[in-house]
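Participant: Input: one structure, supplied below.
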Amino acid sequence: MPSQYFRITTDTIGVRLERYGKQVAVTIPAGATVAVSAPVPLERAADPNRCIHVVWEDRTISLFLTDLQDRGLRVTSALA
């Protein structure tokens, strides 16, 4: 169950894992809302390569945490 929602403010690239381990780049467009189950710290991530899983259009996408922090606006619900 998602604990936080973010509206993406700038087109953002993520990676989706397909069958057999194939990784596919996905663009999450500005204005899209993503759901996050893991806590997202307010302070910038110390490790710029740290990734976090988000759910967008019923697909799990990996994003760099710094991209979500820089390009996501925390909202109260998926409908906000």
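No lab work stands behind these numbers, since they all come straight from the coordinates. These figures come from a predicted structure and were not determined experimentally. Note that each Cβ is placed from the backbone with ideal geometry, even for glycine, and that neighbours are counted across all protein chains shown.
Participant: Between GLU18 and ARG44, with labels modelled 7 Å along Cα→Cβ, what's the label distance in nm to one decimal, could you check?
Facilitator: For the pair GLU18/ARG44, the computed spacing is 3.5 nm.
Participant: Can you give me the relative contact order of the chain as a percent, contacts being Cα pairs under 8 Å and 6 or more apart?
Facilitator: Relative contact order of the chain: 39 percent.
Participant: How big is the convex hull of the Cα atoms of the chain, per residue, in Å³?
Facilitator: Dividing the Cα hull volume of the chain by its residues yields 92 Å³.
Participant: Give me the net charge for the shell around VAL24: Cβ to Cβ below 14 angstrom, other residues only, Lys and Arg +1, Asp and Glu -1.
Facilitator: On the way: positive: ARG16, ARG19, LYS22, ARG59; negative: GLU18, GLU57.
Around VAL24, the surrounding residues sum to +2.
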